[in-house]
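Here's the structure we're looking at; comments come further down.
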């Protein structure tokens, strides 16, 4: 059976097919009060600094606690012997430990391990990385879990201070309840497409608006972790569907207080086209599965659709509470206008039949008309930019119809495929709007600046507050206000 290799005092390297409970028992013997986890995949350039800063920050922020750090890596697996991320994490831990006395080191333990083969499962994905952490935490008495993505470039020391403030506040004001802390931060207007156009609106159907619904930077109380262990874990959840599933579960749990805390900006690797070929379907599918589950087992969606209640509030900690100033998301070169247009044109025939099933004829006809015009624009190669003209009102209408369809038919696959394409078009329309607001209207103008797209620093804070975050928040809340439209579409699908 696979074991843990001791590298240095309190630094361990795991292996494939890790024995169930072995890590948790080490945490228990160590007396871990806090677990900090980093799911990683090819992040050998960012994880070492992230781990180092997290260790040094924890020693100051939690001076009376024992903190366990774990890197659960998907780079190294049965089919790929690439240990660069694991080795980078271990080397970083060794260097940090060399800076501190034995007394300080007795307060920290570090484990870096692959998760492939854990409990016999070999599904690759962030969910599988988290599942290992959740399971092993059941063997120790840690009070909460901090999770951060392995590509994060933010200063974890500042975030840890915020987490401690929130947890201390929670213990003083909500004794006996669990907590789920999610991040509220500025994201580049070209980033967070799923968060803004899928997750935010759909969380409102659970009764709360949680805009950070698939952010990877969260904190869970031990009871909230237990809730995750006991949830359904299918393939989507073991891949990219894990964060949205966790968010939905915590919204549904009436004993959990949800906090959204402002943390500046998320500085990380902005999602590229390769990742977007896979991730949206898993996130959308997981969200739809959670909606169906809570409707079938608790009637939660029907209560929301039939009720007149407002959205239940989450605990909002803005800049004035967290003490973190606005951080400019900066500039990026990920946007390629010709590639975006080509994706919309090439992919539409693959999703056309699914789309026809979930939206009405008029919307389909408009989509076909705009598709033909986009093809002409692409052939011409110049002119004023437009995509498929799925503005926010059209997008809300599409979502209403899609949710009605899935509630009636429970056909998650068809709706997932249709929304996978349509959400992309809706998000690109949002991007076009932001580009226009920045003064870029034509294909030629956008091509000239797309290698370095962002907001001028002197305008950035106002732009992200008013033109991005507020716009997206208003859309989600407006979607909730019009949720009764879902019922109007349901008879159409009941055949």
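Under the definition of Cα pairs under 8 Å and six or more residues apart, what whole-number percent is the relative contact order of the range 349-453?
Over the range 349-453, the number comes to 38 percent.
Compute the relative contact order of the range 5-322 as a whole-number percentage, counting only Cα pairs closer than 8 Å that sit 6 or more residues apart in sequence.
RCO, the range 5-322: 21 percent.
Only helical DSSP H runs with n ≥ 4 go in: add -39500 (n - 2.57) per run for the chain, normalise by residue count and round the 222 nm mean residue ellipticity to 500 deg cm²/dmol.
Rounded to the nearest 500, the figure is -16000 deg cm²/dmol.
Report the Cα centroid-to-centroid distance between the range 336-354 and the range 132-166 in angstrom, as an integer.
39 Å
Where does the range 119-242 land on the Kirkwood hydrodynamic radius, alpha-carbon pairs, in angstrom?
For the range 119-242, the Kirkwood estimate is 16.0 Å.
Please rank 365, 461, 135, fewest neighbouring Cβ atoms within 10 Å first, as an exposure proxy.
With the sparsest Cβ surroundings first, the list reads 365, 461, 135.
Give me 478, 460, 92, 101 ranked fewest to most by other Cβ atoms within 10 Å of their Cβ, as a rough exposure proxy.
Least to most surrounded, the residues fall as 101, 478, 460, 92.
Below 8 Å between Cα atoms, with a sequence gap of 6+, how large is the relative contact order for the range 114-242 in percent?
Averaging sequence separation for qualifying contacts and normalising by length gives 44 percent for the range 114-242.
Normalized C-alpha radius of gyration of the range 129-202, against 2.2 N^0.38 Å?
1.35
Give me the Kirkwood hydrodynamic radius of the chain in Å, from all C-alpha pairs, to one decimal place?
So the Kirkwood estimate lands at 23.6 Å.
Mind jotting down a quarter of the surface of the convex hull over the alpha carbons of the range 46-177, in square nanometres, one decimal?
Mean orientational projected area (the range 46-177, Cα hull): 8.9 nm².
Can you give me the angle between helix 337-358 and the longest principal axis of the chain, using Cα atoms only, in degrees from 0 to 90, rounded to the nearest 10?
Around 80 degrees separate the two axes.
If I fit a long axis through the Cα atoms of helix 279-298 and take the longest principal axis of the Cα atoms of the chain, what angle between them do I get, 0 to 90°, rounded to 10?
Tilt relative to the chain: about 90 degrees.
Of all beta bridges DSSP finds with both residues in the chain, what is the antiparallel percent, to the nearest 5?
Of those bridges, close to 30 percent are antiparallel.
Across 10 Å bins from 0, what is the distribution of all Cα-Cα pair distances for the range 337-493, in whole percents?
In order of increasing distance, the bins hold 10, 35, 33, 18, 4, 0 percent.
Each value in this text was obtained by applying a stated rule to the coordinates, not by laboratory testing. All figures in this text were calculated on a predicted structure; none of them were measured in a lab. Every residue, glycine among them, receives a Cβ derived from its backbone with ideal geometry; neighbour counts consider all protein chains shown.
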